[in-house]
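Everything on this sheet refers to the single structure shown next.
The values are calculated or read from the model by the stated rules, or taken from the named source; none is laboratory data. These figures come from a predicted structure and were not determined experimentally. Reconstructed Cβ throughout: ideal geometry from the backbone, glycine too, with neighbour counts over all protein chains shown.
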Amino acid sequence: MKKKFLQINIKSVNLNAYKIYKYFLQKVLKKLNIKNSFFNLPTKQKRITLLKSPHVYKKAREQFELKSYKACFQISDKIKFSILYWLFLNKPSIVQIKIRYNYRDIV
């Protein structure tokens, strides 16, 4: 037998906005008694090296690092569209969201 569940992936490069929105989602889903589970996905790091001087000095370099933080929420209950709309209306602009339906085999 296959069971439907809703998967919400959140992603951000700003750690504070990511933590605040993740906490907000947890509290709202708990308050509405919606069965869910969440887990953090691995952080992705991207390093960029730039030359300080474009001419002769190759040793003078600067390095930058960009980290992206991710989490995944899985909701097994049925949820109304209006609740989802309200949840995503209050999100910070720096946080990205992807929603998809998945099927899970139940044994």
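If a residue must be among the β-branched types (Val, Ile, Thr) and either in contact (Cβ under 8 Å) with a residue 60 or more places away in the chain or within 19 Å of Phe88 (Cα to Cα) (or both), how many such residues does region 16-64 contain?
The total comes to 3.
What is the number of the single condition among (1) β-branched (Val, Ile, Thr); (2) in a loop (DSSP other than H, G, I, E, B); (3) more than 24 Å from Ile20 (Cβ to Cβ) that Ile48 does not meet?
(2)
Does region 2-15 contain at least one residue that is surrounded by fewer than 11 Cβ atoms within 10 Å (Cβ to Cβ) and without any contact (Cβ under 8 Å) to a residue 60 or more places away in the chain?
Among the residues of region 2-15, not one is surrounded by fewer than 11 Cβ atoms within 10 Å (Cβ to Cβ) and without any contact (Cβ under 8 Å) to a residue 60 or more places away in the chain, which makes the answer no.
Can you tell me which of (1) surrounded by 10 or more Cβ atoms within 10 Å (Cβ to Cβ); (2) without any contact (Cβ under 8 Å) to a residue 60 or more places away in the chain; (3) under 11 Å from the mean Cα position of the chain (by Cα) is the one Ile97 doesn't meet?
Among (1) surrounded by 10 or more Cβ atoms within 10 Å (Cβ to Cβ); (2) without any contact (Cβ under 8 Å) to a residue 60 or more places away in the chain; (3) under 11 Å from the mean Cα position of the chain (by Cα), the lone unmet condition for Ile97 is (2).
Looking for something over 10 Å from the mean Cα position of the chain (by Cα), under 18 Å from Asn102 (Cα atoms) and modelled with pLDDT of 85 or more - is there at least one such residue anywhere in region 72-86?
So far as region 72-86 goes, yes, one or more of its residues are over 10 Å from the mean Cα position of the chain (by Cα), under 18 Å from Asn102 (Cα atoms) and modelled with pLDDT of 85 or more.
Any idea which of (1) of a type outside the set (Lys, Arg); (2) within 25 Å of Thr43 (Cα to Cα); (3) not in a helix (DSSP H, G or I) is the one Leu87 doesn't satisfy?
It fails just one condition, (3).
Where residues in region 21-59 are farther than 23 Å from Ser82 by Cβ and of a type in the set (A, V, I, L, M), which of them is surrounded by the fewest Cβ atoms within 10 Å (Cβ to Cβ)?
Val56
What number goes with the only condition from (1) closer than 23 Å to Ile94 by Cβ; (2) surrounded by 10 or more Cβ atoms within 10 Å (Cβ to Cβ) that Ser76 does not pass?
Ser76 satisfies all of (1) closer than 23 Å to Ile94 by Cβ; (2) surrounded by 10 or more Cβ atoms within 10 Å (Cβ to Cβ) except (1).
Across region 59-100, what is the total count of residues that are small (Gly, Ala, Ser), more than 10 Å from Asn9 (Cα to Cα) and in contact with a strand residue (DSSP E or B) (Cβ under 6 Å, 6 or more places away or on another chain)?
The number of residues fulfilling the criteria is 2.
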